[in-house]
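Novice: Got a structure for you, written out below as structure tokens; questions coming shortly.
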Amino acid sequence: MLELSKKVDYALMALMHLAQQARQEDRSTSAREIAKGYGMPPDLLAKILQTLARENLVVSHQGTKGGYSLARPADSITVARVIEVVDGQPSLTRCLTEVGTCEQFDTCNIKSPLQRLNDQVLRMLSRVTIAQMCEEDFEDLTGEATADTHVVELPVIQE
């Protein structure tokens, strides 16, 4: 199952915070300030922001009023890119990563369908930007309506 690591969660939260700050005013925000505001470990967030800076997603500003700001517009930073920078290429299963294969790789009958599914997930994550996440409009993020379309009704279990 594709599950985002805590480091990716923190990176996305920090990038959303910086995107919202960029809309309000042109200033940088310290890792400590972001960490405190969201209850994150400050040292871990500082390392994550340094990683994002090395990959030109954020810019580090030195000095007493220093901190971090976005290196590019929020609508050009995708969730897929953040995951890749922080944790490596996202994958639904280990056999689809650089880590390697499993014992059943040569006889596996699900690796091809899983690869196609993995590719679809990556395409979706590549379309979702930090700017879109800030808008909190799920319909725009997924391309699906949030109303009553695709509603799954579960049977009522009676005892």
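Bear in mind that the values in this text are calculations on the coordinates, not laboratory data. What you are looking at is a predicted structure, and each value in this text was computed from that prediction instead of being measured. As a convention, Cβ positions derive from the backbone with ideal geometry for all residues, glycine included, and neighbour counts pool all protein chains shown.
Novice: Name, by its number, the condition in (1) in a loop (DSSP other than H, G, I, E, B); (2) surrounded by fewer than 13 Cβ atoms within 10 Å (Cβ to Cβ); (3) not polar (S, T, N, Q) that does not hold for Leu92.
Specialist: (2)
Novice: Something else: All but one of (1) more than 15 Å from the chain's Cα centre (by Cα); (2) in contact (Cβ under 8 Å) with a residue 12 or more places away in the chain; (3) over 25 Å from Arg127 (Cβ atoms); (4) crowded, with 18+ Cβ neighbours inside 10 Å hold for Ala35, so report the exception by its number.
Specialist: Among (1) more than 15 Å from the chain's Cα centre (by Cα); (2) in contact (Cβ under 8 Å) with a residue 12 or more places away in the chain; (3) over 25 Å from Arg127 (Cβ atoms); (4) crowded, with 18+ Cβ neighbours inside 10 Å, Ala35 violates only (2).
Novice: May I ask you to say which residue of Ala46, Ala22, Ala14 is part of a helix (DSSP H, G or I), within 16 Å of the chain's Cα centre (by Cα) and touching a residue at least 12 places away in the same chain (Cβ under 8 Å)?
Specialist: Just one listed residue meets the conditions, Ala14.
Novice: Consider Thr29 carefully, then state whether it is among the β-branched types (Val, Ile, Thr) and surrounded by fewer than 17 Cβ atoms within 10 Å (Cβ to Cβ). Spell out how you get there, then give the answer.
Specialist: Working: among the β-branched types (Val, Ile, Thr): yes; surrounded by fewer than 17 Cβ atoms within 10 Å (Cβ to Cβ): no.
It is false that Thr29 is among the β-branched types (Val, Ile, Thr) and surrounded by fewer than 17 Cβ atoms within 10 Å (Cβ to Cβ).
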